[in-house]
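One structure below.
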Amino acid sequence: MLKKVCQIFVGSLLSLGIMIISMVIICTAGCTKVAGYHVTIDHSQRLEHMISAGRYDWTNGDITVEHFPLTGSGQIDINLELLRCNQAIRTEDVLREIDVRGYRPATITELLAFGADEQTEALQRQYIIIAPGSVWQSLDGRQYVPGLTSLASKRCLYLDWLGSAWLEKSLVLAVRKSRSTS
């Protein structure tokens, strides 16, 4: 039952995104930092273990290691930032905005570490949290990114269509770019 409800919800998000894309207002005020979180990522874990650590009520079946190959090794500590735009905004504008502000989009492993942190559950129930640093292209050519959302108090790990506009309720998970010199 919950799986069907989440599928309907995600389908509605896609339909809504298609409708909004034609009337999207470019975010002129930019994105602002909502909060920061420190997490530890263990790259030795398999994707299935990272997902189960989040205790999601529903997970999209296309979130697999074949679609989202894992990279990295060892354990790392990382600071994640949640960014929010003040208006509906297109994906390419979000990515440009976070780049200009010195961030890079978070990956699926970073999203899953964030989602597994019990301190972030309230945010996961209140907002749509997107990690645009990991992209999967389906057979029909559409590109999707992983995200966290809530439906009827149930937490869902789902895929958001990269071609849709992001609503004000969306938060972008990002990581500050390193300031290393070349």
Filtered residue count, segment 54-89, keeping only those that are closer than 26 Å to residue 165 by Cα, among the β-branched types (Val, Ile, Thr) and in contact with a Leu (Cβ under 8 Å, 6 or more places away or on another chain):
3
Testing residue 133 on (1) touching a Ser or Thr at 6+ places or on another chain (Cβ under 6 Å); (2) in contact (Cβ under 8 Å) with a residue 60 or more places away in the chain, one condition comes back false. Which one is that?
(2)
Considering segment 141-176 alone, what residues qualify as being in a strand (DSSP E or B) and among the hydroxyl-bearing types (Ser, Thr, Tyr)?
144, 149, 150, 158, 170
Residue match in segment 121-131 (condition: touching a Cys at 6+ places or on another chain (Cβ under 9 Å), acidic (Asp, Glu) and surrounded by fewer than 23 Cβ atoms within 10 Å (Cβ to Cβ))
no
Listed by first then second residue, the pairs whose first member lies in segment 48-64 and is assigned to a loop (DSSP other than H, G, I, E, B), whose partner is of a type in the set (Ser, Thr, Tyr), with beta carbons under 7 Å and at least 6 positions apart or on separate chains, are 60/158
For segment 34-64, give me each residue that is surrounded by 13 or more Cβ atoms within 10 Å (Cβ to Cβ) and farther than 26 Å from residue 153 by Cβ.
41, 42, 43, 45, 64
Look through 124, 119 and report the one residue that is within 16 Å of residue 57 (Cα to Cα) and assigned to a helix (DSSP H, G or I).
124
Being over 17 Å from the mean Cα position of the chain (by Cα) and in a strand (DSSP E or B): is that true of residue 41 here?
no
Applying the selection to segment 167-182, what residues are in contact (Cβ under 8 Å) with a residue 40 or more places away in the chain and within 25 Å of residue 38 (Cβ to Cβ)?
169, 170, 171, 172, 173, 174, 175, 176, 177
Report the residue count in segment 127-140 for those that are part of a strand (DSSP E or B), under 9 Å from the mean Cα position of the chain (by Cα) and polar (S, T, N, Q).
0
In segment 65-104, which residue that is modelled with pLDDT of 90 or more, in a strand (DSSP E or B) and among the charged types (D, E, K, R) is surrounded by the fewest Cβ atoms within 10 Å (Cβ to Cβ)?
77
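The values are calculated or read from the model by the stated rules, or taken from the named source; none is laboratory data. The structure presented is a predicted model; accordingly, all values stated were derived computationally and were not measured. All Cβ positions, even for glycine, are placed from backbone atoms using ideal geometry, and neighbour counts span all protein chains on display.
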